[in-house]
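> Quick one: the structure is below, and I'll ask about it shortly.
Derivation of every value follows stated rules applied to the coordinates shown; laboratory data play no part. Keep in mind it's a predicted model, so treat the numbers as computed, not measured. Cβ placement follows ideal geometry from the backbone for every residue including glycine, while neighbour counts extend to all protein chains displayed.
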Amino acid sequence: MKLTTLLVCDAGLDKRQTIEELIHSQPTLALIGTVAGGMAREQIGSLHPKLVWIELSPAPVRGLSLLAELREAFPQLYFFVSYEVPDPELIRTAYRLGASDFLDAERWRTDLPAAVQSIMLKHQSESVSAAQGKVVAVFSPTGGIGATTICTNLAGYLSKHGETAIIDLDLQFGMISHYLNLEPSFSLSTIDFSHTNFDATYLRNLMTRYDDKLSILAAPPELEDIGDIYAAQVQEILNTAKQEFRYIVVDLPKNLLDERAIATLDLADHVLVLTEYNWAAILNARKCLDTFKAHYAQEKLLLCINRSEWLPHDVLSECRANLNYPVFAEIPNDAKTAKWVNNQGQIAPGHTALGKSLDQIGRRFTGQEKLLLTTGEQDKTGGFRLPAIFSKKK
Ligand SMILES: Nc1ncnc2c1ncn2[C@@H]1O[C@H](COP(=O)(O)OP(=O)(O)OP(=O)(O)O)[C@@H](O)[C@H]1O
Ligand SMILES: [Mg+2]
């Protein structure tokens, strides 16, 4: 399969020939014509290219408004934009307007193959399916339990089954990009919701790739940037991501009064509530589950114990009884791996306890293994008792 390509170029003959040669050098691109900006719209209408390459010189602003106009008229097309130098303002605007890539004359020879490859992959996956992705929201009522670690590693394993995105809604103190050792150029605060074409291409341009199966949408780098993101916009992001990715993992903030968190919980297919087997965490988890279970079915609301360790049977039974909710999964305590993966920007290897556990949980989300393994009443007998609040059953 070749991508038919139309070059839009008002620059001199030299520049035009250089770009034509570049296009010819790519085995998956087929140049079907070169036109001046003024003729672009008409020629696209008659030649039906899949990719349009717009050279911005000699008048970059005019070139960008042409991009905006063509993108609106032909939203299904891919656009490359090129210019002499990697001017940050031009790059930013081009991506905002929906360009798939920005190529500058200094590096286009080396950058072009990867840019073409990324479009080809996208084109193939778009043709194969417009699948509805599954949203897994990870929520921990207690801080420092391992929510972000579970997000990155679960997403890493889910990405083996289909393209996956992580959305870092821990807007104030998001750590996803740090745990994956990424340096995002854009974040949730870069999104311009007045953009006329808020679509999958636009969303992807704001994401940072971890590898070809996993991308992240980072939390804003600055605290003051989070005020402009509203619940309706989070819903728009998630709905768009669902069209584009097979799995979407969301790292939620601790604050349940946050309207963006509530919107995500409602929209999610699964809400993973994380806790540990310790008093304070159990207390918080119980409080949260008691509220959530009035709203969400058991397939949606999944209780997960992190850093699980051997405990005497009666203590374990008592912990479970006090949670008063079936345990979906227990992730073993594996401090060595957890520390290493977060420091190195890695996903827990399959031979580690953490990796094995997340691989298995991932399979349950993909349908390869049964989702709910534990059902029915929890063991309510045993050693210690939590405060009276727990004796009242909802
Ligand atoms: N299964 C595990 N076994 C051992 N250590 C773990 C495990 N999961 C996470 N950790 C460790 O727990 C610590 C906290 O992890 P993480 O930052 O993911 O938690 P969090 O719930 O997202 O925290 P925060 O409340 O700050 O957002 C990290 O040091 C991490 O390495
Ligand atoms: Mg976190």
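> Once you place label points 7 Å from the Cα toward the Cβ at ASP290 and ALA30, how far apart are they in nm?
The answer from the label model is 6.7 nm.
> Using alpha-carbon pairs under 8 Å, 6+ residues apart, how would you state the relative contact order of the chain in percent?
15
> Could you tell me the center-to-center distance, by alpha carbons, between segment 349-375 and segment 192-233 in angstrom?
29
> Using the Cα centre of the chain as origin and beta-carbon charges of +1 (Lys, Arg) and -1 (Asp, Glu), tell me which of THR201, LEU97, CYS9 is placed farthest towards the positive end of the dipole.
Sorting the options by dipole projection puts first THR201.
> Among residues other than ALA30 whose Cβ falls under 13 Å from its Cβ, what is the net charge (Lys/Arg +1, Asp/Glu -1)?
+1
> Let me ask something additional. Mean Kyte-Doolittle hydropathy of -0.5 or higher plus an axial Cα length of 27 Å or more: which whole DSSP H helices in the chain meet both?
108-128
> Would you mind pulling out the separation of the Cα centroids of segment 33-77 and segment 154-169, in Å?
Taking the Cα centre of each part, segment 33-77 and segment 154-169 sit 34 Å apart.
> My understanding is that a pair violates if its Cα-Cα distance is over 30 Å; which of LYS213/LYS339; LYS293/LYS339; LYS254/LYS356; LYS213/LYS254; LYS122/LYS254 do that in this structure?
Where the Cα-Cα span goes over 30 Å, the pairs concerned are LYS293/LYS339; LYS122/LYS254.
> What size of dipole, in debye to the nearest 20, comes out for the chain about its Cα centre when the only charges are +1 on Lys and Arg C-beta atoms and -1 on Asp and Glu C-beta atoms?
Using Cβ point charges on Lys, Arg, Asp and Glu, the chain gives about 1480 debye.
> Toward the positive end of the charge dipole of the chain, about the Cα centre and with charges on Cβ (Lys, Arg +1; Asp, Glu -1), which of ALA338, ILE145, THR291 goes farthest?
The Cα lying farthest towards the positive end belongs to THR291.
> For segment 1-59, what is the charge dipole size about the Cα centre, in debye to the nearest 20, if Lys and Arg each add +1 at the Cβ and Asp and Glu each add -1 at the Cβ?
Result for segment 1-59 is approximately 200 debye, rounded to the nearest 20.
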